[in-house]
Amino acid sequence: MHPVAPAIAAGEGAVTMPQSRRAFLGAVAGASAALVGLSCKGGPRIAGTFADDGGAAGHLIRDGATLAKPRERRRVPLVIVGGGIAGLSAAWWCERQGMRDFVVLELEAEAGGNARAGRNDIGAFPWGAHYVPVPGKRATLARALFEDLGVLRDGTWDERSLCYAPQERLFWRGRWHEGFESFLLDAPAGRAEWSRFSERLAELRAGGGFTVPLSIGAPASSPLDSVTFSDWLEREGFRSPALRWYADYACRDDYGTRAVDTSAWAGLHYFAAREHEELGPLTWPSGNGWIVERLLERVGDRVRTGAAVRRVTLSGSRAVVRTATAEYRADAVIWAAPIFLAAHMVQGFPSTADVTYAPWLVANCVLDRWPEDHGAPAAWDNTIVGSPGLGYVVSTHQQVARAGDRSVWTYYRSIPGVTPAAARRYLLRTPWHDWADLVLDDLEQAHPDIRSCVSRLDLRRYGHAMARPVPGFLDARWRRTLQSSRGPVWYGHADLGGISIFEEAQDRGVSAARKALDRLAGAYGASGA
Amino acid sequence: MPAALFATTLLIAACGLVYELVAGALASYLLGDSVTQFSTIIGAYLAAMGVGSWLSRFIGRGLVARFLAVELLVAVVGGFSSTVLFLAFAWTDAFRLALYAIVVVVGILVGLEIPLLMRILRERFEFKDVVASVLTFDYLGALLASLLFPLVLVPQLGLVRSALAFGLVNAAVALWGTWLFRAALGGTRALRVAGVAALALLAGGFVYGERITAAAERGLYADDVIFARTTPYQRIVLTVWKDDLRLFLNNHLQFSSRDEYRYHEALVHPGLAGLQGARRVLVLGGGDGLALREVLKYPGVAHVTLVDLDAGMTGLFRTHPRLVELNGGALSSPRVRVVNADAFSWLDTSQDRFDFVVVDFPDPSNYSVGKLYSTAFYRLLTRHLSRDARIVVQSTSPLFARASFWCVDRTLREAGLRTAPYHLYVPSFGEWGFVLASLGEPYAAPTQLPAGLRFLTASQLAPLFDFPLDMQPVPVLPNRLNDQVLVRYYEREWERINR
């Protein structure tokens, strides 16, 4: 096929032409209703359901269902509880160190935790975490993983794994705009404030305390951790609505909390932890599910899914891990599941962890055709200003093939509430069709005919998606207590850092694995980090 | 009464403008080059309105009846204008004749309306008020139409039904007029019968509009001259003007049969002629089979794989007699294997290696096509090259889109290839550029070309690799999947040309 001739290209844009008159003639009947503002709420039926979540099994444990005699008893040097990024990273590390004799127990039917993914005839799509910012030079552990996965070779990041252009767009004033900057810079006051904010961030960044993961240099406490992000912004005189929206969005997006509830240190971490990254994040059609798949290729044969741990008891220097059907006698246990569960299950759990969790909703929308779309072309990450949601990610964006008509959009919504418990009740008690309506109402702001394009909408509810980094989270005593555990149970989960991001989960998982391996090496005189 | 009269003015003005816009849009749609289409149509239409206004002086008696008759006539002619034009495009060689005939007839009728209306109203109101109000509502009606047209009519109804819808409005206004002006009319019966008939006709057209265009397209298949079809990927339109056969994809000219040989000879031979022993060739894009035709001039080439996304394209160019004549039946050659797939995905899964690769994609005008011009794509392509293989990449115009052209060159080099950029003049495109790339030795121009060429000679090759001052390299970044600078360069450069 050949290029565009200049004379012809000259006419482009004079009139918006239908791609196919037949298609347009055919669309008349359905579309003319939308034109007068009658969205077809009662129109095409949209199928869907709540995708399986671990809540039921989890609550069974909480409510203390009785345990029958185990059908299987096993001795195993190491049990890893939790098959999310933390647990799989711990397993990956053990494997790397040549210690292959472990078992990973996962509550749900599939490993991956918040990084799980789904697949249909269109392709793969994330069910949760969907990217990892390009790790900086100091994030050695993340870099080691990506070298292992072939994403980082000789200091060069694999172009296929970097987010394709255009990466993000923002919907405001009735149309999409490429990137976030134009929104922040729109008003003259916004421009001045944004540059002042950027300067402040540069100062904070230079201080070196905002690291990813936290363990490589974050302070054990900080004055910034004693105020909320909103209060800090107010105190510093950052008052433009655009910047305030962005700050709040950042907190909801990364932590599931509003800026008024988030520790200023955490809020600033979102902005100051990373250099301005030209490369864009690492992402895959299945989001971080791609990493999960790669990790499972390495350790998946030792992952037991549907294995809900019911109790961890101590017996001398060993631990006994009970599931509904099996009992594992282990020399070491890595607790790589959310910390609030440990309080229910681990004998002698050392402290009352006053950690609260933000609930999340993730919707995967199957689109049979692309909806109306005004302004900048579709990006990977698409955010609507003023929306209660966090926007959507186009899962087909990261496919190299030319996009077809169909796509899957992964829509994210954190559910901040008066209290996390109230928000959780709201999340769990709202029926599917109401949630589906809320999701579509939100998307409708930017895509008026979205309801006629979506044929299926599945929802996954995360009651306890992530620990909330509220003021004081940095120097919470329980975190230090858990980290200084002397075994046989070691704790390795993102909750220990207090911010739920990939590198944090990986770092905590590997760090627990190191300690456990040390113990095992001491016990057997073999292997070790 | 006044309100009704001015509503009439507003509506007929809107109708008048819609017919004009429909003609302009349809002509740009089918013929391309919308600047020319719109200017000539607006010019012809306004001139015809002038003629109509002048003719109005010859209408003396029976002003109201004549006015309503004109209304009905314009309703039918204007309302069916796009239907007739689509059919003319499909079935006849006289599309332009039909286009301008309809534009002129509608223009004359619309030109008659306002003078007649003013004269009718002059007998009832102050003349200064008549002029002021009629012209006010005339212009407001034009505004209404100009906004409705791109925002509502075209997207919701399409061109055929937009014209018919406004024909219905026009006829309804005329019918309403038989009541409004019944005092001034001798008998209303004939006009009312005609009005109802016009309404019925237009309504029928509106209901069956879809079938009419479908019939037109079926006509296009059967017709050896012209073809128009929408595939899942693009709209393919073939036009013939005298001996010039042109292919448009999404309204963009892909080739003109008068000079395509320049483009395709230059695309294939500088790279392939010097490759002794090239047996396996890959063509990416190029579903028209024209690059293929050039490749097949080498008897040593035993296998050619052509990967084109659109089965509609390759199917058309394999079967349509005019096109088969043009590409010499290349797509049916036993040496050719046609694969309808996305080139990037196909390369991802294929294990084949090739001695020569022709990369002939549409220009990088959006992020979707831009992926096929990225370092990742070229790196993937190098995995499919034999040791001395060469790639040639169609790289847009080094004159009109200088940064874009050099960006393709830079991207190939970034992917580890050694490049040799060149350019030529293709009358229907202007200055055009290609980049040869290889993993091996620096490029040396071949001393011999295959027989039967119409443009290239061996001694002509060296100057192609020489760039005059206004096409020389500019500093650019490579195009990467995660940062598609090429799409931005391209957008900026063509925008500048188009202004």
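Of note:
- Filtered by the rule that a residue be over 14 Å from A:Val292 (Cβ atoms), within 14 Å of chain B (Cβ to nearest Cβ) and either buried (at least 20 other Cβ atoms within 10 Å of the Cβ) or within 19 Å of the chain's Cα centre (by Cα) (or both), the range A:118-150 gives A:Pro133, A:Val134.
- Flag for A:Ala189 being away from every other protein chain (no Cβ under 14 Å) and buried (at least 21 other Cβ atoms within 10 Å of the Cβ): no
- Remark: pairs (first residue in the range A:152-178, more than 9 Å from chain B (Cβ to nearest Cβ); second residue in a helix (DSSP H, G or I); Cβ separation under 7 Å; 6+ apart in sequence or on different chains) = A:Leu152/A:Arg143; A:Leu152/A:Phe146; A:Leu170/A:Phe183; A:Trp172/A:Phe183; A:His177/A:Phe183.
- Scanning the range B:368-381 for any residue that is within 14 Å of chain A (Cβ to nearest Cβ), small (Gly, Ala, Ser) and in contact with a Cys (Cβ under 9 Å, 6 or more places away or on another chain) turns up nothing.
- Of the residues examined, B:Phe95 is not one that is assigned by TED's automatic domain parsing to the domain that holds B:Gly195, at pLDDT below 90 and more than 28 Å from the chain's Cα centre (by Cα).
- Restricting the range B:155-186 to residues that are within 14 Å of chain A (Cβ to nearest Cβ) and more than 18 Å from B:Val84 (Cβ to Cβ), the residue that is modelled with the highest pLDDT: B:Gln156
- Considering the range B:301-319, and only residues there that are surrounded by fewer than 18 Cβ atoms within 10 Å (Cβ to Cβ) and either touching a strand residue (DSSP E or B) at 6+ places or on another chain (Cβ under 8 Å) or free of Cβ contacts under 8 Å to residues at least 24 places away in the same chain (or both), the residue that is farthest from the other protein chains (Cβ to nearest Cβ) turns out to be B:Ala302.
- Boolean, B:Asp348 is surrounded by fewer than 23 Cβ atoms within 10 Å (Cβ to Cβ), within 14 Å of another protein chain (Cβ to nearest Cβ) and of a type in the set (Asp, Glu): yes
- Residue within the range B:66-82 that is farther than 29 Å from B:Leu26 by Cα and either of a type in the set (Gly, Ala, Ser) or more than 25 Å from the chain's Cα centre (by Cα) (or both) present: yes
- Pick from the range A:310-336, criterion in contact with an Asp or Glu (Cβ under 9 Å, 6 or more places away or on another chain) and closer than 19 Å to A:Arg514 by Cβ, ranking: surrounded by the most Cβ atoms within 10 Å (Cβ to Cβ): A:Ala319
- Residue that is surrounded by the fewest Cβ atoms within 10 Å (Cβ to Cβ), among those in the range B:414-436 that are free of Cβ contacts under 8 Å to residues at least 40 places away in the same chain and under 15 Å from B:Ile391 (Cα atoms): B:Gly416
- Filter result for B:Val152 (at pLDDT 90 or above and hydrophobic (A, V, I, L, M, F, W, C)): no
- Residues in the range B:472-499 that are part of a loop (DSSP other than H, G, I, E, B), in contact (Cβ under 8 Å) with a residue 12 or more places away in the chain and within 11 Å of chain A (Cβ to nearest Cβ): B:Leu477, B:Pro478, B:Asn479, B:Leu481, B:Gln484.
- Contact annotation: residue pairs with Cβ atoms under 6 Å, 6 or more positions apart or on different chains, pairing a residue in the range A:306-326 that is in a strand (DSSP E or B) with a partner that is surrounded by fewer than 18 Cβ atoms within 10 Å (Cβ to Cβ) and acidic (Asp, Glu), are A:Ala326/A:Glu72.
- Residue in the range A:436-443 that is more than 14 Å from chain B (Cβ to nearest Cβ), in contact with a Leu (Cβ under 7 Å, 6 or more places away or on another chain) and assigned to a loop (DSSP other than H, G, I, E, B) present: no
- Positions within the range B:360-405 being crowded, with 20+ Cβ neighbours inside 10 Å and either basic (Lys, Arg) or not assigned by TED's automatic domain parsing to the domain that holds B:Leu347 (or both), in sequence order: B:Lys371, B:Arg390, B:Arg402
- Helices (runs of 4 or more DSSP H) wholly inside the range A:156-236 containing at least 1 residues that are out of contact with any Phe, Trp or Tyr (no Cβ under 9 Å at 6 or more places or on another chain), over 25 Å from A:Pro135 (Cβ atoms) and of a type in the set (A, V, I, L, M): A:188-207
- Whichever residue in the range A:402-437 is more than 21 Å from the chain's Cα centre (by Cα) and of a type in the set (A, V, I, L, M, F, W, C) and, among such residues, is surrounded by the fewest Cβ atoms within 10 Å (Cβ to Cβ): A:Val418
- Residues in the range A:241-265 that are in a helix (DSSP H, G or I), in contact with a Leu (Cβ under 8 Å, 6 or more places away or on another chain) and in contact (Cβ under 8 Å) with a residue 60 or more places away in the chain were compared, and the one that is surrounded by the fewest Cβ atoms within 10 Å (Cβ to Cβ) is A:Asp253.
- Condition met for B:Pro446 (modelled with pLDDT under 95 and in contact with a His (Cβ under 9 Å, 6 or more places away or on another chain)): yes
- Among (1) of a type outside the set (Lys, Arg); (2) under 24 Å from B:Tyr298 (Cα atoms); (3) within 14 Å of chain A (Cβ to nearest Cβ); (4) buried (at least 24 other Cβ atoms within 10 Å of the Cβ) - the single one B:Val408 does not satisfy: (2)
- Every residue from the range B:382-404 that is within 12 Å of chain A (Cβ to nearest Cβ) and within 23 Å of B:Asp355 (Cβ to Cβ): B:Val393, B:Gln394, B:Ser395
- Those residues of the range A:266-292 which are touching a residue at least 24 places away in the same chain (Cβ under 8 Å), assigned to a helix (DSSP H, G or I) and either under 30 Å from A:Leu149 (Cα atoms) or of a type in the set (Ser, Thr, Tyr) (or both), in sequence order: A:Ala266, A:His269, A:Phe271, A:Ala272, A:Gly289, A:Trp290, A:Ile291, A:Val292
- Per-region count, the range B:230-264, residues in contact with a strand residue (DSSP E or B) (Cβ under 9 Å, 6 or more places away or on another chain) and within 19 Å of B:Glu325 (Cα to Cα): 20
- The listed residue being in the same structural domain as B:Arg192 (by TED's automatic domain parsing) and within 24 Å of the chain's Cα centre (by Cα), out of B:Leu168, B:Leu164: B:Leu164
- Taking first residues from the range B:246-263 that are closer than 9 Å to B:Leu290 by Cβ and within 7 Å of another protein chain (Cβ to nearest Cβ) and partners that are buried (at least 22 other Cβ atoms within 10 Å of the Cβ) and not aliphatic (A, V, I, L, M), the Cβ contacts under 6 Å between residues at least 6 apart in sequence or on separate chains come to B:Phe255/A:His2.
The values are calculated or read from the model by the stated rules, or taken from the named source; none is laboratory data. Owing to the predicted nature of the structure, the values given are computational and were not obtained by experimental measurement. Neighbour counts run over all protein chains shown; Cβ positions are idealised from the backbone, glycine included.
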